[in-house]
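A short write-up of the structure that comes next.
Please treat every number below as a calculation from the coordinates, not as lab data. Note that this is a predicted model, so its numbers are computed, not measured. Note: ideal-geometry Cβ built from the backbone for every residue, glycine included; neighbour counts use all protein chains shown.
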Amino acid sequence: MQDIGPGEQALQTPRAAGLAGIVFALLLAAAIVLIRLAIPQGADAVTARAFTDSARRGAVRAALDLVPFAGIFFLWFVGAVRAHVGNAEDKFLATVFLGSGLVFTATMFGAAAAAWAVIATQQPSGSAPGLSTWNFGRHFAYTLMTGYAMRMAAVFAGSLSVLGHRLGVLPRWLTVLGFLTSLTLLFVVPNIPWSELVFPAWSLLLSAYILVVNDRRRQAVTVG
């Protein structure tokens, strides 16, 4: 195997991080928008009428189809951002950052699987499942996503912002946005619809920043 120096690692990996993060942000935002359009007020708004409405059901299915791909790109994003931070990373914060990212992915997948389970219980005639199954499934999926996945996303954004600030690899405005995103995900998301879009929006800004910065570095190396 050919040895790759630190300079080459810094030029190659961050671009992949930016691209993966952008794709993740767009996929997650699309899934959230589709879910919110189909179910504007969350789990309590999911009635038998909404369940049997073909347009709403199609929007939910499309959103759930996007979730696995969003998770895959998010994992690439996490790995590449860690490579961008490099060996100087704070091991405590890096562990929290990595762990929260993995738990976020797992809980997001769990919420999507629970939602699919509710849809799968639909009868061939298009009628809704039994009331107890219906209530359990819809509230389980909604709580897992808004109560757990989004709060792990808050830890992810907060720990990365602290890490980026300490090492100087992120600008002040981006770390401030990261802290605000973390607070929003912790305290606002369960109560205000659409507020969960702050996470893909922050991820998109972070990814775009990484792309721009490392394109400049690449150009500087080429000129030099």
**OP:** Mind sorting SER195, SER159, SER203 by how few other Cβ atoms lie within 10 Å of their own Cβ, fewest first?
**Re:** SER195, SER159, SER203
Original post:
What's the exposure ranking of ILE39, ILE210, ILE72, going from fewest to most Cβ atoms within 10 Å?
Top reply: ILE72, ILE39, ILE210
Original post:
Label-point separation (nm) for PHE69 and PHE187, each offset 7 Å from Cα along Cα-to-Cβ?
Top reply: 3.7
**OP:** Figure the gain on full extension for ARG166 and ARG217 (residue separation times 0.36 nm, minus the Cα-Cα span) and round it to one decimal in nm.
**Re:** 16.3 nm
Original post:
So if we plug the beta-carbon distance of PHE136 and ALA30 into 1/(1 + (r/R0)^6) with R0 = 25 Å, what FRET efficiency do we get, rounded to 0.05?
Top reply: 0.35
